[in-house]
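In what follows, a structure is listed as C-alpha cells, so that the remarks can point back to it.
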Amino acid sequence: MSGFVEKPEPVQVPGLTHLHTGKVRDLYRNEAGELVMVASDRISAFDWVLPTEIPDKGRVLTQLSLWWFDQLSDLVPHHVISTELPAGAPADWAGRTLICKPLDMVAVECVARGYLTGSGLLEYNDSRTVCGLALPEGLSDGSELPAPIFTPATKAAVGDHDENVSYEEVARQVGAETAALLRRTTLDVYARARDIARERGIVLADTKFEFGFESTPEGARLVLADEVLTPDSSRFWPADQWQPGRTQPSYDKQIVRNWLLSPESGWDRASEQPPPVLPQEVVERTRAKYLEAYELLTGKSWSQETR
Ligand SMILES: Nc1ncnc2c1ncn2[C@@H]1O[C@H](COP(=O)(O)OP(=O)(O)OP(=O)(O)O)[C@@H](O)[C@H]1O
Ligand SMILES: [Mg+2]
C-alpha cells in the first residue's frame with residue numbers, strides 16, 4: 001500500500017481550473033492557459049504522502065528552484081513566467097506559487113549521479129554497474145564516480161516507485177535525438193550545479209530533472225521544468241562530513257525516514273498500514289534542514305527572504 005494518507009481537496013480559486021494533485025504540488029490552469037504550480041508543505045517518504053506537513057517546505061522548494069533557474073539560465077531555458085499571485089488566491093500561496101509555461105512533458109525522470117549511493121550502490125555491489133553502466137572496482141557508499149552518469153527512470157504515478165531504465169530504452173521511447181539531448185543537458189546542468197554547491201560546502205550527490213518541450217516558431221525547444229536542485233529532488237551532503245564508506249548525513253528527509261523506521265513510530269513499512277503523524281520535534285528538525293540547505297546554497301537568510 002502507498003499513496004496519500006489523506007488526499008487533500010483542491011483549493012477553489014475563481015479563474016483557475018484544477019488539473020492535478022501531485023505528491024507535493026497542485027497544478028491549475030489560468031485563463032491565459034498558463035500553468036499555475038503551487039508547492040504545498042506536504043512531504044512524502046517510502047512512497048507515502050505523510051499526514052503531517054512541514055511548515056514553509058513548499059516555499060523553500062519554490063524559492064530554491066527560482067534561485068537555481070537563474071544560475072542555470074545560460075545553459076537551458078526554464079519554465080517560469082512569473083511569481084505573481086493569481087487574483088483571488090489564498091494568502092498562503094505567496095512564495096510557493098509559480099506561473100509556468102505549460103509544456104509537453106517528457107515522461108522520463110532525468111537523473112544525474114556524481115556519487116555512488118542508494119539504489120546505485122545496491123546495483124554496484126551486485127554487478128559493478130549502475131543502471132547498466134560499468135564502473136571501476138573499489139567504490140563504496142558515498143564514493144565520487146570517475147565521471148557523472150545519466151541514469152534515467154520512468155515516472156511513476158503517486159504511490160508507485162520510479163523505475164530505472166536503460167539509455168537505450170529511453171531512446172526507444174522518445175527517439176535517439178531527444179534521448180541524446182536529455183542526457184547532454186542533464187549532465188551539463190548537473191556539472192554546473194555540482195560546482196556551485198561545492199563552493200558553498202555542499203556535495204550534490206545526485207539529482208533529478210524533468211524537462212518538457214515548448215513549441216516555438218523555430219520548432220520544439222527543450223525547457224527545464226518542475227522543481228530543480230531542491231532537497232526533495234536531490235541528495236545534498238555537508239561537504240565537511242563527506243566520508244566514503246558509510247551513509248552520508250544529508251539535508252533532506254533522512255530525519256523523517258529514520259523516525260518512521262524507528263521503533264518509536266510504531267510503523268511497519270512492510271505492513272498495509274499508512275504511516276503515522278510525525279512528532280513535532282521531527283517536523284521542526286526537518287524544517288530546519290530544508291532552511292539550512294536553502295541558506296547555505298543561496299547565501300541568503302530565510303527570515304529576511306520571507307518577511
Ligand atoms: N511546465 C510544466 N508543464 C507541465 N507539467 C509540469 C510542468 N512542470 C512540472 N510539471 C508536472 O507537475 C507535476 C508536479 O507535481 P509533484 O512535484 O507533486 O510531482 P509528482 O510527480 O507527483 O511527484 P514526485 O515529484 O515526487 O515524483 C509533475 O507531474 C510534473 O511532471
Ligand atoms: Mg515532482
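Residues of the range 233-268 that are without any contact (Cβ under 8 Å) to a residue 60 or more places away in the chain and on the phi > 0 side of the Ramachandran plot: 266 alone. Within the range 217-275, track down each residue that is modelled with pLDDT under 95, of a type in the set (Lys, Arg) and within 16 Å of ligand 2 (Cβ to nearest atom). Correct list: 253 only.
Answer with yes or no whether residue 34 is buried (at least 16 other Cβ atoms within 10 Å of the Cβ) and either within 18 Å of the chain's Cα centre (by Cα) or closer than 22 Å to residue 291 by Cβ (or both). No, not satisfied.
State whether one or more residues within the range 34-44 are in a loop (DSSP other than H, G, I, E, B), in contact with a strand residue (DSSP E or B) (Cβ under 7 Å, 6 or more places away or on another chain) and more than 23 Å from residue 302 (Cβ to Cβ). Reasoning before the result, please.
So the first thing to find is which residues in the range 34-44 are in a loop (DSSP other than H, G, I, E, B), and the list is 34, 40-43.
This time we only want the ones that are in contact with a strand residue (DSSP E or B) (Cβ under 7 Å, 6 or more places away or on another chain), so: 34, 40, 42.
The next check asks that each one be more than 23 Å from residue 302 (Cβ to Cβ); those that pass are 34.
Yes, because at least one residue in the range 34-44 is in a loop (DSSP other than H, G, I, E, B), in contact with a strand residue (DSSP E or B) (Cβ under 7 Å, 6 or more places away or on another chain) and more than 23 Å from residue 302 (Cβ to Cβ).
Cβ-Cβ distances below 6 Å connect the following pairs, each with a first residue in the range 15-35 that is farther than 16 Å from residue 83 by Cβ, a second residue that is among the basic types (Lys, Arg), and a separation of six or more residues or different chains: 17/29; 19/29; 24/42.
The residue that is farthest from the chain's Cα centre (by Cα), among those in the range 201-213 that are more than 16 Å from ligand 2 (Cβ to nearest atom) and surrounded by 16 or more Cβ atoms within 10 Å (Cβ to Cβ), is 213. Being at pLDDT 95 or above and closer than 21 Å to residue 190 by Cβ is a property that does not hold for residue 130. What residue, among those in the range 217-240 that are under 25 Å from residue 67 (Cα atoms) and more than 16 Å from ligand 1 (Cβ to nearest atom), is surrounded by the fewest Cβ atoms within 10 Å (Cβ to Cβ)? It comes out as 240.
A Cβ distance below 9 Å, combined with a sequence gap of six or more or placement on separate chains, defines the contacts here; from the range 269-290, residues that are under 9 Å from residue 54 (Cβ atoms) reach residues that are part of a loop (DSSP other than H, G, I, E, B) and among the hydroxyl-bearing types (Ser, Thr, Tyr) in the pairs 278/52; 283/52; 290/230; 290/251. Every condition in (1) under 26 Å from residue 262 (Cβ atoms); (2) more than 10 Å from ligand 1 (Cβ to nearest atom) holds for residue 63 except the one numbered (1).
The values are calculated or read from the model by the stated rules, or taken from the named source; none is laboratory data. All values derive from a computational prediction rather than experimental measurement. All Cβ positions, even for glycine, are placed from backbone atoms using ideal geometry, and neighbour counts span all protein chains on display.
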